[in-house]
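Q: Sharing a structure here in structure tokens format.
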Amino acid sequence: MRLSSGYVRASGYAHKVRRVLFALTKGKVDPKEVVRAAGELNQRLFEKFQEMGVAKEDVVRITVDFNISNGQIVWDYDSLKVEVYKKSEEERLAKAMEEVEERERELEEKVKAIEELSLSIKKLVDELTEKIEELKQEHTSLRLKAEE
């Protein structure tokens, strides 16, 4: 499997790596293992960023292969690739990242609203089901009284 962060500000790489890893491994490994593996990778990336002189305003794209073995995520660090786009060199890309981040926030807000609506609909369906059961019970008891 391959983790690819997409373009992300260096200051937000750890959160992005964790989110992408959770999405890629959902239902395949324990969430605690995802947190552990993401922490391990993020520590390695932090050291690499320091070596490369990556500033928190810079934009990065990270790709790395991994396997799942015995319920554990095993990184293939030989495949680790970090692309860096310096803010000083790539002002337009940094501006585009601001827009991407804003759209991600908007998307998260819309997803939350949809989740809340879904819960409301589920509650309404449960209430309707309960009413239907009550009507069935009433109908059955009326029929029994009529047969007497």
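The values are calculated or read from the model by the stated rules, or taken from the named source; none is laboratory data. Bear in mind that the values here come from a model prediction, so they are computed numbers and not experimental data. Note that we place each Cβ from the backbone using ideal geometry, even for glycine, and neighbour counts take in every protein chain shown. Areas reflect the complete protein model, heavy atoms only, side chains present, ligands, DNA and RNA absent. Shrake-Rupley method; radii C 1.70, N 1.55, O 1.52, S 1.80 Å.
Q: Where Lys and Arg each count +1 and Asp and Glu each count -1, what net charge lies around Lys112 among other residues with Cβ under 12 Å from its Cβ? Show your work: numbers first, answer last.
A: On the way: positive: Arg105, Lys110; negative: Glu106, Glu108, Glu109, Glu115, Glu116.
Residues near Lys112 contribute -3 overall.
Q: For every helix of n ≥ 4 consecutive DSSP H residues, a contribution of -39,500 (n - 2.57) applies; sum these over the chain, divide by its total residues, and give [θ] at 222 nm rounded to the nearest 500 deg cm²/dmol.
A: Mean residue ellipticity at 222 nm (helix-derived): -22500 deg cm²/dmol.
Q: Same structure, new question: Taking only protein heavy atoms into account and a 1.4 Å probe, give the accessible area per residue of the range 7-141 in Å². Write down the numbers at each step before the final one.
A: Values: 9580 Å² over 135 residues.
Accessible surface, normalised per residue, equals 71 Å².
Q: While we're on this one: Exposed loop trypsin sites (Lys or Arg not before Pro) only (DSSP loop, at most 13 other Cβ atoms within 10 Å): please give the longest stretch of the chain free of them, not including the sites.
A: 57-148
Q: Want the number for Glu98 to Glu134: 0.36 nm per residue separation, take away the alpha-carbon distance, what's left?
A: Gain in length upon complete extension: 7.5 nm.
Q: In nm, give the distance between the simple-model label positions of Lys122 and Arg36, each being 7 Å from the Cα along the Cα-to-Cβ direction.
A: That separation, rounded to one decimal, is 3.0 nm.
Q: Moving on. Using modelled backbone amide H atoms (1.01 Å from N, in-plane), which distant-in-sequence or interchain residues come within less than 5 Å of Leu80's amide H?
A: The answer is Asp65.
Q: Also: Translational diffusion coefficient, Stokes-Einstein: compute it for the chain using the Kirkwood radius over C-alpha pairs as Rh, at 25 °C and 0.890 mPa s, and state it as an integer in µm² s⁻¹.
A: 129
Q: Summing Lys, Arg as +1 and Asp, Glu as -1, what charge do residues with Cβ under 15 Å from the Cβ of Leu21 carry, Leu21 excluded?
A: In short, +4.
Q: By how many degrees, between 0 and 90 and to the nearest 10, does the Cα long axis of helix 91-147 differ from the longest principal axis of the chain?
A: 10
Q: Quick check: at a probe of 1.4 Å, how many percent of the accessible area of the chain sits on carbon and sulfur atoms?
A: 53
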